[in-house]
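Read-outs: derived from the displayed coordinates by stated rules, not from any lab. Source: prediction; values computed, not measured. With ideal geometry, Cβ positions are generated from the backbone for all residues, glycine too; neighbour counts draw on all protein chains shown.
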Amino acid sequence: DSGVTQTPKHLITATGQRVTLRCSPRSGDLSVYWYQQSLDQGLQFLIQYYNGEERAKGNILERFSAQQFPDLHSELNLSSLELGDSALYFCASSVEVGGLYGYTFGSGTRLTVV
Amino acid sequence: AQKVTQAQTEISVVEKEDVTLDCVYETRDTTYYLFWYKQPPSGELVFLIRRNSFDEQNEISGRYSWNFQKSTSSFNFTITASQVVDSAVYFCALSEANVNSGYALNFGKGTSLLVTP
């Protein structure tokens, strides 16, 4: 157990639907990163939050959004889902913005859009 | 532009062979961090090593060793006496120390290593 909890582990949904992925960071970590791993694009950074605020954006689609709550858990919302959104979504946490002490990854949520 | 290049898409070796996974990175920052992660068939990302740009010392951990050369912007990973359990996809990643990037990880495409008995 890495200390980063992602739920659900698997999700199957239809095109056009909306889903929410949840991430609880390791205790004490203030920074949360979301990554998408797909066959086409590999592992891509989506978005980062630090202590409730958005800090950096990567290749995140406009149909996707995220937030970090006061208890530091984060949610990634994916809407108007397309077949191409099928991927493994990872959350990672770190102590502070820089990730200078490394990142702890969750086990991922596998999303299948049918 | 790809900041981390792992030119080897797939490598197949026989158990006990040594194997080197190549990683070339690109950055304009003077402070950055390099990582290697292992992704076994089960899918999780397993942290292997982190190196900062000011520390070019090579590192050895058991059968694993890493060679960091700033002159060639490379951070190669060698597995000595490979074992079947080493079969996985290995990712090299770069974290640039600037606010714009949020210190997020830029991953290479990964190298799939298959070790056969």
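Length gained on full extension, B:Phe47 to B:Asn100, computed as 0.36 nm times the residue gap minus the Cα-Cα distance: 16.7 nm. Measuring nothing but alpha carbons in the protein assembly as shown and taking Rh as the Kirkwood radius, the Rg to Rh ratio lands at 0.97. In this structure the amide hydrogen of A:Ala66, modeled in the peptide plane, comes within under 5 Å of the amide hydrogens of A:Asn77, none closer than 5 places in sequence on its chain.
Other protein chain C-beta atoms within 10 Å of residue C-beta, averaged over B:106-114: 2.
Here each label is just a point 7 Å from Cα along the line to Cβ, and for A:Gln17 and A:Glu82 those points are 1.9 nm apart.
Listed from fewest to most Cβ neighbours within 10 Å, the set B:Thr30, B:Thr116 follows the order B:Thr30, B:Thr116. Applying 1/(1 + (r/R0)^6) with r as the Cβ-Cβ distance of B:Val14 and A:Asp40 and R0 = 25 angstrom yields a FRET efficiency of 0.20. What separates the Cα centres of the range B:53-84 and the range B:91-117 is a distance of 14 Å.
Annotation: peptides B:89-96, B:42-49, ranked by per-residue average of other Cβ atoms within 10 Å with the highest first, follow the order B:89-96, B:42-49.
What fraction of the Cα pairs in the range B:63-117, stated in percent, has a spacing above 19 angstrom?
Taking all Cα-Cα pairs of the range B:63-117, the fraction more than 19 Å apart is 43 percent.
The label point for A:Leu30 and the one for B:Ser74, both projected 7 Å from the Cα toward the Cβ, are 4.0 nm apart. Our note on the geometry: Cα centres of the range B:14-42 and the range A:22-46, 19 Å apart.
Of all lysines in the structure, those lying under 27 Å Cα to Cα from A:Lys9, and not within fewer than 8 positions of it along the same chain, are A:Lys57, B:Lys38, B:Lys109. In terms of Cα atoms, the Rg and Dmax of chain B work out to 14.0, 46 Å. Averaged over the residues of peptide B:37-48, the number of Cβ atoms from other protein chains lying within 10 Å of each residue's Cβ is 4. Here the gap between B:Asp55 and B:Asp29, fully extended at 0.36 nm per residue and compared with their Cα-Cα distance, gives a gain of 7.9 nm. On the principal axes of its alpha-carbon atoms, the range A:5-114 has extents of 38, 26, 24 Å, going from largest to smallest. Dividing the mean sequence gap of close Cα pairs (under 8 Å, 6+ apart) by how many residues chain A holds gives a relative contact order of 37 percent. Considering only trypsin sites (Lys or Arg not before Pro) in DSSP loops that have at most 12 other Cβ atoms within 10 Å, the longest stretch of chain B without any of them is B:29-117. The mean count of C-beta atoms from other chains within 10 Å of the C-beta of residues in A:55-61, rounded to a whole number, is 3.
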